[in-house]
Amino acid sequence: MHSRCDLAIVGGGAAGTLAAIHCLQRARSPLRIVLFDSAAEPGRGVAYGTGRPEHVLNVPAGRMSLFPDQPEDFVDYLAGLPGYAGQLRQALAVRFVPRRDYGAYVQARLAQVRQDSAASLEHVAAKGATAERADGAWRLAWDGGRLLAARVLLATGNAPRPLPARGAGAGPAPRRVAAWDYEGVAAIGPDAAVCIVGTGLSMVDAVLTLDATGHRGPLHLVSRHGLLPRAHDPALAVDEAFDHAELLPLGTRARLRRLRRQVQDAAARGLSWQAVIERLRPHGPALWQSLPEHEQRRFLRHAVRHWDVHRHRIAPEVHAVLERLRASGRLHLHRARLELAAAGPRCVQLALRDAARRPHTLEVDHVVNATGVELRVQAMGNPLLEQLLGEGHAVPGAHGIGLATDAEGRLLDADGRPQDDLRAIGSLRIGQAWESLAIPDLRLQAQALAQAWAG
């Protein structure tokens, strides 16, 4: 005999916790919600699990509320903290505050709605679980027990990519550090030569920590495109004159040409290119879904990295750190592909090949993997997702990224049928929605889920 629950949420990072918060807030009956996560406490995940003050949000505080209909909620929370006492609300709204404070906010709001809700929430600290259909429900099993769930939400979060090179998994662990291992990066010696593979937001975290801990050795950044994240415009403006619908009938190349013209037009009106990109921010899913399959492939082959560095921007003060390190000659950017990583007793030798196919060698003390988020479900190493794929309850999403879902996040089975009792939130929906990682996207998905399942 198994105990039963109304909703099982697998994953307790930002996406799963947001879903729990919205379901608890909306519930009008004594629903039983069970959240599975390996962490001792849900709410932080990888992004907000850092305790380091140099790791700040990539979005101003005024845009980071957990609730679409309460846009100032995070600012309200900050205003009540001793560390922000006396600061004007307008100043708080435009600050890029430490991510650890945002993690505390998520946990505080979870505790609040949990106390006030008609539903109940239980946290199961389980590292892994399996799921199979049984008795008109889902039978979940883990090391500590069994449970029948009427509905299951997959919120497994982001999985790291492996280093894209032969020999990357060999050698002593201290010489190989994941960018998400925040304390591992902080433990790197001050004079060590470091190579960071990947030049996205994870790289920024690693560089900030090394700079904050007094590192003075050389820093090498390696990526195929050699592009660094751009900075936010301090004015935080939006080009309201630009209608995103103009882009919908166009292919990838035509969209890029249209965006360049719009940037020129915005500049003539005193606006930055950031104002143009910010105008597109709420329309990411519509822009992605309006592309035919072959145009989506073209975007993924040729334009995705350019989109990422302009769309996923960093705080101006963070960008200033990168520029300072580059100007000092300590930060070296290599546009190259990593082909081989050979770890020896004293160093790691890296074989690179640049854009002109010329070989190049680096010898460093540590290699930091900052290659970002794994998008291919089959490569995530998640037993639950592999089981669902193997049994036909799930299939890979478009172009093999994420899982196939409909617009409401219902998983499509092997026959293409949506399953109302099996849904996904967050990065697993990237193939369908593309923009499915940031808080503004997650809160809308969580709100829609709560309306469907807890309303």
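The values are calculated or read from the model by the stated rules, or taken from the named source; none is laboratory data. Treat the numbers as computed from the prediction; the structure is a model and nothing was measured. We place every Cβ from the backbone using ideal geometry, glycine too, and count neighbours over all the protein chains shown. These accessible areas exclude ligands, DNA and RNA; they are computed on the full protein's heavy atoms, side chains included. Shrake-Rupley method; radii C 1.70, N 1.55, O 1.52, S 1.80 Å.
Surface analysis of segment 416-455 yields an accessible area of 31 Å² per residue, using protein heavy atoms and a 1.4 Å probe. Rolling a 1.4 Å probe across the protein heavy atoms gives segment 216-347 an accessible surface of 51 Å² per residue.
Taking only protein heavy atoms and a 1.4 Å probe, the accessible area of segment 276-373 is 50% carbon and sulfur. Ordered by solvent-accessible area of protein heavy atoms (1.4 Å probe), largest first, the residues Met203, Met380 come out as Met380, Met203.
What the Cβ-Cβ distance of Asp354 and Ala85 gives, at R0 = 41 Å and to the nearest 0.05, is a FRET efficiency of 0.20. Alpha-carbon geometry of segment 184-323: the Rg and the Dmax are 17.8, 53 Å, given in that order.
What the Cα atoms of segment 1-101 give is an Rg and a Dmax of 16.1, 57 Å. Once the Cα atoms are used to define both axes, helix 201-212 deviates from the longest principal axis of the chain by about 60 degrees.
Computed over the alpha-carbon pairs of segment 382-443, the distance histogram in 5 Å steps reads 4, 22, 30, 26, 13, 4, 1 percent, short to long. If one puts a single equal scatterer on every Cα of segment 328-432 and applies the Debye formula without solvent, what log₁₀ I(q)/I(0) results at q = 0.19, 0.24 Å⁻¹? Taking Cα atoms of segment 328-432 as identical point scatterers yields -0.87, -1.22. Computed over segment 301-355, the Cα gyration tensor eigenvalues convert (square root of 5λ each) into semi-axes of 27, 19, 10 Å, ordered from largest to smallest.
Rg/Rh for segment 90-133: what does it come to with C-alpha atoms and Rh from Kirkwood? Over the Cα atoms of segment 90-133, Rg/Rh equals 1.18. Listed peptides 341-354, 79-92 appear in the order 341-354, 79-92 once ranked by packing, highest mean of other Cβ atoms within 10 Å at the front.
Here is the list for segment 200-286: trypsin sites (Lys or Arg not before Pro) lying in DSSP coil, each with at most 10 other C-beta atoms within 10 angstrom of its C-beta, are Arg269.
Each of Asp406 and Arg346 was given a label point 7 Å from its Cα along the Cα-to-Cβ line. The distance between the two points is 6.4 nm. Go through segment 97-199 and name the trypsin sites (Lys or Arg not before Pro) that are in a DSSP coil and have 11 or fewer other Cβ atoms within 10 Å of their Cβ. Those that pass, being in a loop and sparsely packed, are Lys127. Heavy-atom accessible area, probed at 1.4 angstrom with all protein chains present, ranks Val46, Val321 as Val46, Val321, highest first. Accessible surface of Thr130, taken over heavy atoms with a 1.4 Å probe and every protein chain present, rounds to 60 Å². State log₁₀ I(q)/I(0) for segment 48-185 at q = 0.17, 0.18, 0.20 Å⁻¹ as given by the Debye formula over alpha-carbon point scatterers of equal weight, solvent excluded. Debye output, listed in q order: -1.09, -1.12, -1.19.
Given a 1.4 Å probe, how much area per residue of segment 33-162 is accessible, in Å²?
45
With every protein chain kept in the model, how would you rank His393, His319, His215 by accessible area, 1.4 Å probe, largest at the top? Don't skip to the end; give the middle numbers.
Details: His393 30, His319 50, His215 10 Å².
Descending accessible area places them as His319, His393, His215.
Separation of segment 335-351 from segment 147-168 is 27 Å, based on Cα centroids. To put it simply, the accessible area of segment 1-94 at a 1.4 Å probe is 55 percent carbon and sulfur.
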